[in-house]
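Novice: Got a structure here, written out as structure tokens. Questions coming.
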Amino acid sequence: MEGSTAPEGKAALTVVAISGSLRRGSANTGLIRAAKEICEESIPGLHINHVDISDLPLLNTDLEIDGGFPPAVEAFRAKVRAADCFLFASPEYNYSISGPLKNALDWGSRPSNCWGDRAAAILSASGGSGGSRMQYHVRQVGVFLDIHFINKPEVFIKAYQPPSKFDSNGNLIDPEIKEQLRETLLSLQALSLRLQSKPANSG
């Protein structure tokens, strides 16, 4: 496994990270790159696996044949099932979830649901509200998918307001946001480890 090893007594965790933007130079994809760098530099035991969703077809149950899925969907679902926790980074589209991210969530939810009973965190770089409405809609979808989201910190980045937070290639350059991202990753790690240690029949 890439990155740092987990300190003694802590499990190594794989974070499947998904960007809700397919655009080259996306700031949200840049947030995932920054998260990967932060984990490698200063968060032992947390490994970011950026999963590209650009090859997923639009959800159409006619594509499910004899209980199977198209190859791109099967590969995606396998990566989701193998994750210890999730990191979503996405813009806000029309006050809600981006089409690519919603499509990925829906494909992963097809029986049997691949998302359930694991921790997740959400980041957003967008205009206006910084993506807050998108984040709350993802949380709402996550209730049905049995995803356990961290509550704090909340990271809503107003990507187009000065000063510049990303360079022309979508790379994060703002040190304060990098620190917020680090705190988010630590919170995700802590919740994921808590969930893994909780007995299945506990109240």
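The values are calculated or read from the model by the stated rules, or taken from the named source; none is laboratory data. It should be emphasised that the depicted structure is a prediction, and the values quoted were computed from it without experimental measurement. Methodologically, a virtual Cβ is constructed for each residue, glycine included, from the backbone with ideal geometry; neighbour enumeration extends over all protein chains shown. Ligands, DNA and RNA are excluded from the accessible area calculation, which covers all protein heavy atoms including side chains. Shrake-Rupley method; radii C 1.70, N 1.55, O 1.52, S 1.80 Å.
Novice: Just to be sure I understand: with springs between alpha-carbon atoms less than 10 Å apart, which residue in 46, 63, 145 has the highest mean-square fluctuation in the Gaussian network model of the chain?
Specialist: So, out of 46, 63, 145, the one fluctuating most is 63.
Novice: Computing the accessible area with a 1.4 Å probe over protein heavy atoms, can you report the carbon and sulfur percentage for region 87-135?
Specialist: Details: 710 of 1490 Å².
Carbon and sulfur atoms account for 48 percent of the accessible area of region 87-135.
Novice: Stick to Cα atoms and the Kirkwood definition of Rh, then tell me Rg/Rh for region 78-203.
Specialist: 0.99
Novice: Further, regarding this structure: Can you give me the accessible area per residue for region 71-203, using a 1.4 Å probe, in Å²?
Specialist: Averaged over the residues of region 71-203, the accessible area is 49 Å².
Novice: With the chain treated as a Gaussian network of Cα nodes joined by springs under 10 Å, which of 128, 108, 20 yields the largest mean-square fluctuation?
Specialist: Comparing 128, 108, 20 in the GNM, the peak value goes to 128.
Novice: Additional query: Please report, in whole Å, how far the alpha carbons of region 31-79 spread along each principal axis, starting with the longest.
Specialist: 45, 19, 12
Novice: Which one of 32, 48, 177 has the biggest mean-square fluctuation once the chain is modelled by GNM with Cα springs under 10 Å?
Specialist: 177
Novice: Over 21 Å between Cα atoms, which of 36/102; 36/165; 102/152; 79/158; 152/178 qualify?
Specialist: Among 36/102; 36/165; 102/152; 79/158; 152/178, the Cα-Cα distance tops 21 Å for 36/102; 102/152; 79/158.
Novice: Still on this structure: Calculate the spin-label point distance for residue 79 paired with residue 61, positioning each point 7 Å from the Cα along the beta-carbon direction, and give it in nanometres.
Specialist: The modelled label-to-label distance comes out at 2.6 nm.
Novice: Using only Cα atoms, what is the ratio of the radius of gyration of region 137-186 to 2.2 N^0.38 Å? Write out the running numbers ahead of the final one.
Specialist: Working: Rg = 13.7 Å, N = 50, 2.2 N^0.38 = 9.7 Å.
Cα-based Rg divided by the globular estimate yields 1.41.
Novice: Treating only the Cβ atoms of Lys and Arg (+1) and Asp and Glu (-1) as charged, compute the dipole magnitude of region 92-182 about its Cα centre; round to the nearest 20 debye.
Specialist: In debye, rounded to 20, region 92-182 gives about 100.
Novice: Expressed in nm to one decimal, what extension gain is obtained for the pair residue 41 and residue 139 from 0.36 nm per residue of sequence separation less their Cα-Cα distance? All intermediate terms of the calculation are to be shown ahead of the outcome.
Specialist: Numbers: separation 98, 0.36 × 98 = 35.28 nm, distance 2.91 nm.
Here the segment from residue 41 to residue 139 would lengthen by 32.4 nm.
Novice: Here's something else I'd like to know. Over the alpha carbons of region 58-138, what is the largest minus smallest coordinate on each principal axis, giving the biggest first in Å?
Specialist: Extents along the principal axes, in whole Å: 45, 27, 16.
Novice: Another question about this same structure. Nothing charged except the Cβ atoms of Lys and Arg (+1) and of Asp and Glu (-1): what's the magnitude of the dipole of the chain about its Cα centre? Round to the nearest 20 debye.
Specialist: For this selection, approximately 360 debye.
Novice: Taking 10 °C and 1.306 mPa s as the conditions, I'd like the Stokes-Einstein D for region 98-161 in µm²/s, using the Kirkwood hydrodynamic radius from alpha carbon pairs.
Specialist: Reported coefficient: 127 µm²/s.
Novice: Something else: What base-10 log of the normalised intensity I(q)/I(0) is obtained for region 1-145 from the Debye formula, alpha carbons as equal point scatterers, at q = 0.16, 0.19 Å⁻¹?
Specialist: Log10 I(q)/I(0), no solvent term: -0.87, -1.17.
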